[in-house]
1. Provide a single number: the residues in segment 50-87 that are of a type outside the set (Asp, Glu) and farther than 19 Å from Thr296 by Cα.
2. Give just the number: which of (1) touching a helix residue (DSSP H, G or I) at 6+ places or on another chain (Cβ under 7 Å); (2) assigned to a strand (DSSP E or B) does Val205 not satisfy?
3. Identify all residues within segment 181-202 that are touching a strand residue (DSSP E or B) at 6+ places or on another chain (Cβ under 6 Å), surrounded by fewer than 18 Cβ atoms within 10 Å (Cβ to Cβ) and part of a loop (DSSP other than H, G, I, E, B); write none if there are none.
4. Can Ser233 be described as in contact with a His (Cβ under 7 Å, 6 or more places away or on another chain), under 26 Å from Met183 (Cα atoms), at pLDDT 95 or above and hydroxyl-bearing (Ser, Thr, Tyr)?
5. I'd like the residue in segment 119-170 that is aromatic (Phe, Trp, Tyr) and within 23 Å of Ile234 (Cβ to Cβ) and, out of all such residues, is nearest to the chain's Cα centre (by Cα).
6. Please go through segment 224-239 and pick out each residue that is of a type in the set (Val, Ile, Thr) and buried (at least 24 other Cβ atoms within 10 Å of the Cβ).
7. Working only within segment 54-94, note down all residues that are closer than 15 Å to Cys110 by Cβ, assigned to a strand (DSSP E or B) and among the polar types (S, T, N, Q).
8. Within the group Val257, Val205, which residue is farther than 20 Å from Ala289 by Cβ and either buried (at least 19 other Cβ atoms within 10 Å of the Cβ) or within 18 Å of the chain's Cα centre (by Cα) (or both)?
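The values are calculated or read from the model by the stated rules, or taken from the named source; none is laboratory data. These numbers were taken from a predicted model, which means no experiment stands behind them. FYI the Cβ positions are ideal-geometry reconstructions off the backbone, even for glycines, and counts take in every protein chain you see.
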Amino acid sequence: MASQIHLQPDPIEFDNQIFDLAFHPSENIVATGLITGEVFCHRYTVDNTNENINVLSIRPHKKSCRGLEFNHDGASLFSVSKDRSIQVINLETGKIFVKKADSHDYPINCILRLNETTLATGDDNGIIKLWDIRNGNEIMKYSEHLDFISDFAFRLDTKTLLSTSGDGTLSVYDIRRPGLVAMSDNQDDELLSIAVVKDGRKVVVGTQEGIVNLYTWNDWGDTSDRIIGHPQSIDTLVKINDNLICTGSSDGIVRLVGILPNKFLGVIGDHDEFPIECLRLSHDDNLLASSSHDNTVKFWNIRYLYEEEENGDDKNINDNMDMDENPSRGGSRNNGVGKNIGNETNSFFADL
């Protein structure tokens with residue numbers, strides 16, 4: 001079992017800061033967007049070679065690439081930027097085949113594909129837009145937030161989009177309708193990351209102050225619980241399953257956290273003391289990728305978490321990683337286990 005735990009691709013190093021990561025929906029490919037506006041795709045291997053092969057290098061943006069999302073079958077890659085554009089890269093040809101300039105009035109900060117036909121983008125001024133992937137038309141615009149959109153989560157069964165913002169609020173939207181469904185009380189803290197857990201009954205939100213806020217679905221006013229212990233901001237988090245999340249903090253540590261019961265379970269890995277910028281899960285959920293201000297993507301094999309969590313065996317989970325018994329101090333670190341170009345066109349996304 002130990003050999004499987006340590007089986008993971010080697011880190012991928014870059015010359016500039018990484019803003020976002022995206023995993024291909026079915027192949028062993030990870031995309032990275034850099035502060036330079038460059039986008040790279042690497043094919044990674046999980047075997048004795050652990051080799052990473054660069055299969056795409058392109059610069060679709062003149063300013064930083066802040067967000068990436070594959071389309072539903074992985075044939076194309078959406079990228080958004082500080083330059084306010086949305087662009088689409090064809091993975092087979094390596095060429096940009098759609099450029100939508102000035103898609104927002106302000107720099108775009110995040111992106112999420114909601115389903116096969118709908119894309120969500122959020123900008124630095126709190127504006128959220130929904131796009132029809134089939135024709136590129138803007139189909140909805142929400143403007144309730146007063147500061148940057150930091151992250152999205154989507155619940156497919158209820159068609160509900162959740163957004164977090166630097167203005168300290170969580171917003172809830174039914175993507176089939178205009179207008180706001182609900183907005184949380186202002187938390188007087190920047191809300192930076194979000195995920196839906198517990199079979200849709202709970203929502204977890206990472207904050208600037210290092211607190212994980214828990215909300216109960218349909219009770220959006222105030223938090224129902226809080227997890228305290230991260231010493232710095234929780235800039236990114238990812239759902240492992242309904243009971244487990246991984247958090248990426250500005251102290252450079254990737255932690256495993258249990259939800260209800262709320263418990264720090266250990267350290268997945270770290271980037272020394274460089275802030276964690278992004279966490280993403282691979283298409284098969286076996287690998288967690290993290291990026292940091294050290295300009296590196298690291299991979300962590302987390303297959304054992306599913307096996308042992310299903311058996312309800314926290315002890316074995318703890319045995320397979322370094323414990324973080326005092327999360328405010330970071331605990332011990334684990335290094336082995338373990339986000340005017342062209343013309344607008346009505347045919348935007350039409351070929352996807």
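1. Our first condition is that a residue be of a type outside the set (Asp, Glu); within segment 50-87, this holds for 50, 52-68, 70-72, 74-82, 84-87.
So of that shortlist, the ones also farther than 19 Å from Thr296 by Cα come out as 60-63, 70-72, 74-82, 84-87.
Result for segment 50-87: 20.
2. (1)
3. Scanning segment 181-202 gives Val181, Asp189.
4. Numbers: in contact with a His (Cβ under 7 Å, 6 or more places away or on another chain): no; under 26 Å from Met183 (Cα atoms): yes; at pLDDT 95 or above: yes; hydroxyl-bearing (Ser, Thr, Tyr): yes.
For Ser233, the condition - in contact with a His (Cβ under 7 Å, 6 or more places away or on another chain), under 26 Å from Met183 (Cα atoms), at pLDDT 95 or above and hydroxyl-bearing (Ser, Thr, Tyr) - is not met.
5. The first filter runs over segment 119-170 and keeps only residues aromatic (Phe, Trp, Tyr), leaving 131, 142, 148, 152, 154.
Then keep just the ones that are within 23 Å of Ile234 (Cβ to Cβ); that gives 148, 152, 154.
Numbers: Phe148: 16, Phe152: 8, Phe154: 12 Å.
The selected residue is Phe152.
6. First pass over segment 224-239, keeping only residues of a type in the set (Val, Ile, Thr): 227-228, 234, 236, 238.
Scanning segment 224-239 gives Ile234, Thr236.
7. Once the filter is applied, which keeps residues that are closer than 15 Å to Cys110 by Cβ, assigned to a strand (DSSP E or B) and among the polar types (S, T, N, Q), segment 54-94 yields Ser79, Ser81.
8. Details: Val257 fails: farther than 20 Å from Ala289 by Cβ.
After applying the criteria, what remains is Val205.
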